[in-house]
Amino acid sequence: MTVPLLDLNAQYLPLRTALLDAVTRVCDSQRFIGGPEVEGLEREVAAYLGTPHALGMSSGTDALVAALMALNIGPGDEVITPTYSFFATAGSVVRVGAKPVLVDSDADTFNLNPAATAAAITSKTKAIIPVHLFGQSADLEPILAAASPRGIPVIEDAAQAIGCMYRGKAVGSWGAVGCFSFFPSKNLGGFGDGGLVTSTNADLAHRLKLIRNHGMEPKYYHHMVGANFRLDALQAAVLRVKLPYLAKWSAARRNNAMRYRAAFASAGLSEVVLPVEAPDRTHIYNQFVIRVPDRDRLRAHLDAAGIGCEVYYPVPFHLQECFAGLGYKAGAFPIAEAAALDSLALPIYPELTEAQQGAVVEAIARFYRG
Ligand SMILES: *Cc1c(COP(=O)(O)O)cnc(C)c1O
């Protein structure tokens, strides 16, 4: 049995008619920019997350850039980010001319280490970007406790974590701005690129709305230099069909994670370190990331067996060529460096069957037990 890392058709086919109807609705309206579909999605996501303001954006990356712009962050400023995340988290900081100050992860959850974050704060720190990596919230409370008294805004990179809860409240509504992605492989994926920002602050939400559309209000009067960060109506219409299923899909991912735990336990595979769930937050498993010895050979073995897997992420930011100018050396962040060497994501998408999961675990058992 072969098992893909992700099977988007398994989600698409049961919803095909409703999705194509939504696309047809937009085509028939010929309203492709803004309008009722985008506004409808914004209302519905705001209600789903329990946050007052949600604004569609052209991508998760642009959501981060817009958040930094809305907070007036630029040259001379420092922004603290984890060294272990998807590139956009630190890339967006460089895009606005600021300097990423990198911090190591927690060994168990892969998320930003709060003590190291507090220690990295300087007089130039203008924002902190915790990432809710793989679908589990970062430990926000101590990060906010370090940031808030100093007036440092927290931008949550929630690209992998829409609907994930921290202490009973959705991520994206804890910090100044929450940034989400609708990239097709995220828990809520569009038919192309898309993103969203949330904020509990009305003034900040208004700035984000202006920045999304060239700082323009009304038409052709520009308060500031923004960009074209708009979400397409076609994407919004597709996402509105999918949003009512998101809670069910995330629950299915959690259920698949439980089944993996049971299957790995009964296989007695002590080599495999399973993802750690912190007690005060939900994990919605955008990725199910195990830690294993001899990872690269296991990966080749799974590829050959037709089992999809992926390494998120093989190179932490401080060892990326484009960030050499930041001056970090190998060894600077040992937890992230270890994770880059031994982490491996397994298939976890909602429609994955128990038999497929059995095949994944069996293939891993064959590698370690022969
Ligand atoms: C996917 C992702 C982004 C970027 O989102 P795009 O929509 O692909 O631009 C940012 N941060 C993290 C952690 C992500 O996983």
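The values are calculated or read from the model by the stated rules, or taken from the named source; none is laboratory data. Since we're looking at a predicted model, the values are computed, not measured. Neighbour counts are summed over all protein chains in view; Cβ atoms, including those assigned to glycine, are modelled from backbone coordinates with ideal geometry. For the accessible areas, the whole protein counts, side chains as well, though only heavy atoms, and no ligand, DNA or RNA atoms are used. Shrake-Rupley method; radii C 1.70, N 1.55, O 1.52, S 1.80 Å.
Restricting to region 196-210, what's the tally of residues that are aliphatic (A, V, I, L, M), more than 24 Å from ALA237 (Cβ to Cβ) and touching a residue at least 60 places away in the same chain (Cβ under 8 Å)?
Counting residues in region 196-210 that are aliphatic (A, V, I, L, M), more than 24 Å from ALA237 (Cβ to Cβ) and touching a residue at least 60 places away in the same chain (Cβ under 8 Å) gives 2.
Is at least one residue of region 50-70 without any contact (Cβ under 8 Å) to a residue 40 or more places away in the chain and farther than 30 Å from PRO314 by Cβ? Quick ask: steps written out before the conclusion?
Looking only at region 50-70, we keep the residues that are without any contact (Cβ under 8 Å) to a residue 40 or more places away in the chain, and these are none.
Among the residues of region 50-70, not one is without any contact (Cβ under 8 Å) to a residue 40 or more places away in the chain and farther than 30 Å from PRO314 by Cβ, which makes the answer no.
Could you check MET224 against (1) away from the ligand (no atom under 13 Å from the Cβ); (2) assigned to a loop (DSSP other than H, G, I, E, B); (3) surrounded by 17 or more Cβ atoms within 10 Å (Cβ to Cβ); (4) of a type in the set (A, V, I, L, M) and say which number it fails?
Every condition holds for MET224 apart from (3).
If only one of PRO350, PRO279 is part of a loop (DSSP other than H, G, I, E, B) and closer than 30 Å to VAL79 by Cβ, which one is it? Lay out the reasoning, then the answer.
Details: PRO350 fails: closer than 30 Å to VAL79 by Cβ.
So the residue among PRO350, PRO279 that is part of a loop (DSSP other than H, G, I, E, B) and closer than 30 Å to VAL79 by Cβ is PRO279.
ILE33 versus (1) touching a residue at least 24 places away in the same chain (Cβ under 8 Å); (2) in the same structural domain as ILE143 (by TED's automatic domain parsing); (3) closer than 21 Å to SER185 by Cα: which is the lone unmet condition?
(3)
Run THR109 past the list (1) of a type outside the set (Gly, Ala, Ser); (2) within 16 Å of the ligand (Cβ to nearest atom); (3) in contact with an Asp or Glu (Cβ under 6 Å, 6 or more places away or on another chain) and report the number of the one that doesn't hold.
Tallying (1) of a type outside the set (Gly, Ala, Ser); (2) within 16 Å of the ligand (Cβ to nearest atom); (3) in contact with an Asp or Glu (Cβ under 6 Å, 6 or more places away or on another chain), THR109 fails exactly one: (3).
Is there any pair linking a residue in region 253-279 that is in contact (Cβ under 8 Å) with a residue 12 or more places away in the chain to one that is assigned to a helix (DSSP H, G or I) and open to solvent by 60 Å² or more (accessible area, probe 1.4 Å), with Cβ under 7 Å and at least six apart or on different chains, and which?
ARG259/GLU354; LEU274/ARG261
Take the residues of region 47-56 that are closer than 11 Å to GLY178 by Cβ and out of contact with any Lys or Arg (no Cβ under 6 Å at 6 or more places or on another chain): which is nearest to the ligand (Cβ to nearest atom)? Before you say what the answer is, go through the steps one by one.
The initial filter retains those residues of region 47-56 that are closer than 11 Å to GLY178 by Cβ, namely 49, 51, 53-55.
Remaining after also requiring out of contact with any Lys or Arg (no Cβ under 6 Å at 6 or more places or on another chain): 49, 51, 53-54.
Numbers: LEU49: 17, THR51: 18, HIS53: 19, ALA54: 15 Å.
Looking at residues that are closer than 11 Å to GLY178 by Cβ and out of contact with any Lys or Arg (no Cβ under 6 Å at 6 or more places or on another chain), I get ALA54.
Select from region 75-90 the residues that are open to solvent by less than 10 Å² (accessible area, probe 1.4 Å) and outside any helix (DSSP H, G or I) and write down the one among them that is nearest to the ligand (Cβ to nearest atom).
In this case the residue turns out to be SER85.
For region 193-211, how many residues are closer than 18 Å to GLY40 by Cβ, surrounded by 24 or more Cβ atoms within 10 Å (Cβ to Cβ) and not aliphatic (A, V, I, L, M)?
Of all residues in region 193-211, those closer than 18 Å to GLY40 by Cβ come to 194-198, 205, 209.
Among the residues that remain, those that are also surrounded by 24 or more Cβ atoms within 10 Å (Cβ to Cβ) are: 194-198.
Cutting the leftovers down to not aliphatic (A, V, I, L, M) gives us 194-195, 198.
The number of residues fulfilling the criteria is 3.
Can you say whether PRO244 is within 22 Å of the chain's Cα centre (by Cα), away from the ligand (no atom under 15 Å from the Cβ) and under 27 Å from THR17 (Cβ atoms), as far as the supplied structure shows? Quick ask: steps written out before the conclusion?
Numbers: within 22 Å of the chain's Cα centre (by Cα): yes; away from the ligand (no atom under 15 Å from the Cβ): yes; under 27 Å from THR17 (Cβ atoms): yes.
Taking the combined requirement at face value, the residue satisfies it.
Within region 305-314, does at least one residue satisfy the condition of being in contact (Cβ under 8 Å) with a residue 40 or more places away in the chain, outside any loop (DSSP other than H, G, I, E, B) and closer than 30 Å to ALA359 by Cβ?
Taking region 305-314 first, the residues in contact (Cβ under 8 Å) with a residue 40 or more places away in the chain are 305-310, 312-313.
Now restrict to residues that are outside any loop (DSSP other than H, G, I, E, B): 307, 310.
Now narrow it down to the ones that are closer than 30 Å to ALA359 by Cβ: 307, 310.
Looking through region 305-314, at least one residue is in contact (Cβ under 8 Å) with a residue 40 or more places away in the chain, outside any loop (DSSP other than H, G, I, E, B) and closer than 30 Å to ALA359 by Cβ.
Hey, among the residues in region 191-208 that are closer than 17 Å to GLY34 by Cβ and among the aliphatic types (A, V, I, L, M), which one's nearest to the ligand (Cβ to nearest atom)?
Looking at residues that are closer than 17 Å to GLY34 by Cβ and among the aliphatic types (A, V, I, L, M), I get LEU196.
Does any residue in region 1-17 that is within 14 Å of PRO350 (Cα to Cα) come within less than 6 Å, Cβ to Cβ, of a residue that is open to solvent by 50 Å² or more (accessible area, probe 1.4 Å) and not hydrophobic (A, V, I, L, M, F, W, C) six or more places away or on a different chain, and which pairs are these?
Partner pairs satisfying both residue conditions: LEU5/GLU310; ALA10/GLU351.
Are there any pairs with C-beta distances below 7 angstrom linking a residue in region 168-195 that is within 15 Å of LEU231 (Cβ to Cβ) and assigned by TED's automatic domain parsing to the domain that holds TYR48 to a residue that is open to solvent by 40 Å² or more (accessible area, probe 1.4 Å) and away from the ligand (no atom under 11 Å from the Cβ), with the two at least 6 apart or on different chains, and if so which?
Hits for this filter: PRO184/LEU8.
Identify all residues within region 352-370 that are surrounded by fewer than 16 Cβ atoms within 10 Å (Cβ to Cβ) and either closer than 23 Å to TYR12 by Cα or of a type in the set (A, V, I, L, M) (or both); write none if there are none.
Residues satisfying the conditions are THR353, GLU354, ALA355.
Test of understanding: among ARG299, ARG240, ARG259, which residue is in a helix (DSSP H, G or I) and within 30 Å of ALA54 (Cα to Cα)? Lay out the reasoning, then the answer.
Details: ARG299 fails: within 30 Å of ALA54 (Cα to Cα); ARG259 fails: within 30 Å of ALA54 (Cα to Cα).
Going through ARG299, ARG240, ARG259 in turn, just one is in a helix (DSSP H, G or I) and within 30 Å of ALA54 (Cα to Cα): ARG240.
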